[in-house]
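Enquirer: If you scroll down you'll find the structure; I have some questions about it.
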Amino acid sequence: MDTWRLKTNALEPYYFSYLGNGYIGIQTSKDGTGAYFNVRSFIAGVYDGEYEKLVEIPKWSGISFFISDKHPFSDLVKIKNYEQILDLKKAVLLTKYTWLSPKGPVDFNIRFFVSRADPHVAAISYSFTPHQSIEAVLETSLNALFAENLRVIGGGAERDTIWLEVETSLSKVRIVEVSKIVCEPEPCAVEETFEEKFSRLKLVFESEGNKSYCVRKYTVFYTSLDSEKSLEDALRKAEECETKGYEKLFGDHCREWEKIWERDVEVDDPVVQRRIRACIYHLVSSVREGQDHSIPPMGLSNDGWGGHIFWDADFFMFPALILLYPELAKSIVAYRCRTLEAAKEHARKHGYDGAWYGWQTASSGKEVSRGGYSDEIHIVGDVAWAQWFYHLAVGDEEYFRKCAAPIIIETAKFWASRVTYNAEKDRYEILKVVPPDESVCEKWGKATVDNSAFTNAIAQWNIKTALKVCERLGIKYPEKWIKIAEKMYIPFNEEKNIILEYDGYDGHSIKQPDVLEMIFPLEYPMPREVAENNFKYYIDKPDKELGHSFCPSIHVVVACRLGKRKEASKIFKEWDSFFLPPFEVVREILYHDKGIIFLTGIAGYLMNIIYGFAGIKVTEKGLEIKPLLPENISRIVFKKLFLRGKTYRLIVEKRNGRDVYELQELK
């Protein structure tokens, strides 16, 4: 099994992947360019509308091919020798096929990449070889016809270049696309068209039999968030692309991906290896160094949930990235730093102190849940948790003082103003919340619950950590914080000796494992017996019909933490149903396959490897490693791990019936 090149020879089933560089993302398609299918493309940080939805940019990638007004994908039966490969190592989509056209067979060979070296550039090499002499027509365009929320500012088509400039309706972000077309040999005729929302080049080739014709399409993207002279910069860069040429651009791109794969995670099971690499590829493709946009649940592959930022980024994607790619993980915490003032304003607006990070946020950091409000407030603690984890893992003192510490303190202020003191029982409670397990609302009809165990636990953790931060920095804190931390109520069933998901929890099926999330990632302290009981009680509670990927994401690691190798191995196999062909994309739930590409689940799979089987734990003292390898894996190699300015190589393996590890510092 090839663990780098994900190949399909079938047109169905086809679950798209995407090409991305953290700045721009575009869905893959069967034809290799998106000419005949509705592929969608997005730029990080570009949102619009009252609820700040991620903006789909004008369609730009497609190269259409016609003979006698017919195109290859008008009848799939006439597609032969089909092969498409997503090369993970080089981050390039390779498509080959033969079309039995009305005038005879035509072979196609297409290469498509979105440059990791230059975030503003994408390139397509489109070759066709007719078996006999034919007249072929190629069309390529920049198309905003579908986009109701984009106003066209201008555009044009001349000789070998088309361009389009649009502006979002409310956020007033300008987006420029420029495509440069280079043909070898030259077409015999070129027709240029610019209409209201559409720039197009039509190329006519009088093609000789058994001769190859190659069209190179370089597309450049800029927004007014990047440049004050977006169009000028895009036109200049398009010229630079032509000068450099496809192979030079591709070489630069591959060298950047080589740097990413220097941190590969190697295992001795080919299926797991293939999936690990697919997960790294899909997650890394939605983030780049130096950004502060964070990562939506579907990254730059789609606009599910509006492309908004949820706890998924802080509590799932962040821990999956931080030890392998700390410079990329920083985007997640830096986003929360940039939007701290918006979180403070949100708290003030609703009568609370400190910072209340919204359940759904976007570019501005404002709460963009429908109605501008959500009771799913555990997000506040999740944000603080990632800030503390970043401090533990990276040790960036400047960031800690400027961002992490203020966020941890301001979120603690929120919790202190949000709790309710129950004088009769001498405890602090948090009432009327939506817990992580949203099935209480979606399936069981409750508007809110009281005392969500996870919400109360992370609030308590947040306040305790804020006390620690204040003491370290010499900042005075309210004495009330100590009392709240000591007397925070966590619902508990004495008879079963388990934590209850919330007050009054009756054992119903759940969407995700709130109580087990207290064990990991939160690391909430509890007696071993209670942890064991929680695992035994909740492991069978997930809604099997729904089948949410949050469950194996958490369950595997918890099983490993409790030393349950057999259970961890069994649960890990549940992932088989979440990965979809041909590109090992992960769906959110088993109930349907619409929620792809779900980066939260992808991060969950990586957490299984890092924090579960390898047994890595980051503490104030450093790394703790207690591996528990599954039955099908005998060795895991982390080629590079990063902690507090140092680089390590970690090998975990089975040796003489024991799980052992070797941690070596790399100079």
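Enquirer: Every residue in the stretch 623-643 that is open to solvent by 10 Å² or more (accessible area, probe 1.4 Å), of a type outside the set (S, T, N, Q) and more than 12 Å from Val265 (Cα to Cα), please.
Expert: Leu623, Glu624, Ile625, Lys626, Pro627, Leu628, Glu631, Phe642, Leu643
Enquirer: Restricting to the stretch 352-395, and then to whatever is among the acidic types (Asp, Glu) and either in a loop (DSSP other than H, G, I, E, B) or in contact with a Lys or Arg (Cβ under 8 Å, 6 or more places away or on another chain) (or both), can you tell me which residue is farthest from Ile295 (Cα to Cα)?
Expert: Once the filter is applied, the top-ranked residue is Asp353.
Enquirer: Could you please find all residues in the stretch 195-225 being touching a residue at least 24 places away in the same chain (Cβ under 8 Å), open to solvent by 70 Å² or more (accessible area, probe 1.4 Å) and within 30 Å of Tyr47 (Cβ to Cβ)?
Expert: Those that are touching a residue at least 24 places away in the same chain (Cβ under 8 Å), open to solvent by 70 Å² or more (accessible area, probe 1.4 Å) and within 30 Å of Tyr47 (Cβ to Cβ): Glu196, Leu225.
Enquirer: How many residues does the stretch 248-307 contain that are open to solvent by 10 Å² or more (accessible area, probe 1.4 Å), in contact with a helix residue (DSSP H, G or I) (Cβ under 7 Å, 6 or more places away or on another chain) and among the polar types (S, T, N, Q)?
Expert: Summing the residues that are open to solvent by 10 Å² or more (accessible area, probe 1.4 Å), in contact with a helix residue (DSSP H, G or I) (Cβ under 7 Å, 6 or more places away or on another chain) and among the polar types (S, T, N, Q) in the stretch 248-307 gives 1.
Enquirer: Please go through the stretch 417-432 and pick out each residue that is in a loop (DSSP other than H, G, I, E, B) and not aliphatic (A, V, I, L, M).
Expert: Glu424, Lys425, Asp426, Lys432
Enquirer: Still on this structure, please answer the following. When Gly657 is evaluated against the numbered criteria (1) modelled with pLDDT under 95; (2) open to solvent by less than 10 Å² (accessible area, probe 1.4 Å), which criterion, by number, is the only one it fails?
Expert: (2)
Enquirer: Just give me the residues in the stretch 519-554 being hydroxyl-bearing (Ser, Thr, Tyr) and either in a helix (DSSP H, G or I) or farther than 23 Å from Glu486 by Cβ (or both), in sequence order.
Expert: Matches in the stretch 519-554: Tyr537, Tyr538, Ser549, Ser553.
Enquirer: Name the residue, out of Glu574, Glu567, that is more than 18 Å from Gly304 (Cα to Cα), free of Cβ contacts under 8 Å to residues at least 60 places away in the same chain, in contact with a Cys (Cβ under 8 Å, 6 or more places away or on another chain) and open to solvent by 30 Å² or more (accessible area, probe 1.4 Å).
Expert: It is Glu574.
Enquirer: Then there is this: Within the stretch 15-24, identify whether any single residue is open to solvent by 10 Å² or more (accessible area, probe 1.4 Å) and more than 22 Å from the chain's Cα centre (by Cα), and answer yes or no.
Expert: Checking the stretch 15-24: not a single residue is open to solvent by 10 Å² or more (accessible area, probe 1.4 Å) and more than 22 Å from the chain's Cα centre (by Cα).
Yes/no per residue for (1) open to solvent by 60 Å² or more (accessible area, probe 1.4 Å); (2) over 23 Å from Gly351 (Cβ atoms); (3) touching a residue at least 40 places away in the same chain (Cβ under 8 Å):
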{"position": "Lys432", "(1), (2), (3)": "yes, no, yes"}
{"position": "Ser452", "(1), (2), (3)": "no, no, yes"}
{"position": "Ile463", "(1), (2), (3)": "no, no, yes"}
{"position": "Lys476", "(1), (2), (3)": "yes, yes, no"}
{"position": "Glu501", "(1), (2), (3)": "no, yes, yes"}
{"position": "Ile510", "(1), (2), (3)": "no, yes, yes"}
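Enquirer: Quick test of your reading of the structure: Arg401 fulfils all but one of (1) closer than 14 Å to Cys337 by Cβ; (2) open to solvent by less than 10 Å² (accessible area, probe 1.4 Å). Name the failing condition by number.
Expert: (2)
Enquirer: For the stretch 595-631, what are the residues that are in contact with a Gly (Cβ under 7 Å, 6 or more places away or on another chain) and not in a loop (DSSP other than H, G, I, E, B)?
Expert: Scanning the stretch 595-631 gives Leu599, Ile625.
Enquirer: From the residues in the stretch 148-169 that are surrounded by fewer than 21 Cβ atoms within 10 Å (Cβ to Cβ) and small (Gly, Ala, Ser), which one is nearest to Cys183 (Cα to Cα)?
Expert: Filtering first and then ranking leaves Gly156.
Enquirer: Inside the stretch 180-280, counting only strands (runs of 3 or more DSSP E) that do not spill past its ends, which hold 3 or more residues that are of a type in the set (D, E, K, R)?
Expert: In the stretch 180-280, the matching strands (runs of 3 or more DSSP E) lie at 189-195, 198-207.
Enquirer: Now, a different point. Of (1) among the acidic types (Asp, Glu); (2) at pLDDT 95 or above; (3) under 25 Å from Ile24 (Cα atoms), Glu196 satisfies all except one. Which?
Expert: (2)
Enquirer: Check whether at least one residue in the stretch 106-128 is at pLDDT 95 or above, crowded, with 21+ Cβ neighbours inside 10 Å and more than 33 Å from the chain's Cα centre (by Cα), and report yes or no.
Expert: Scanning the stretch 106-128, I find at least one residue that is at pLDDT 95 or above, crowded, with 21+ Cβ neighbours inside 10 Å and more than 33 Å from the chain's Cα centre (by Cα), so the answer is yes.
Enquirer: Can Lys366 be described as surrounded by fewer than 22 Cβ atoms within 10 Å (Cβ to Cβ) and under 13 Å from Val469 (Cα atoms)?
Expert: Criteria not met by Lys366.
The values are calculated or read from the model by the stated rules, or taken from the named source; none is laboratory data. Computed from a prediction, not measured in an experiment: that's the story for all the values here. Reconstructed Cβ throughout: ideal geometry from the backbone, glycine too, with neighbour counts over all protein chains shown. To get the accessible areas, we keep the full protein, side chains included, count just its heavy atoms, and leave off ligands, DNA and RNA. Shrake-Rupley method; radii C 1.70, N 1.55, O 1.52, S 1.80 Å.
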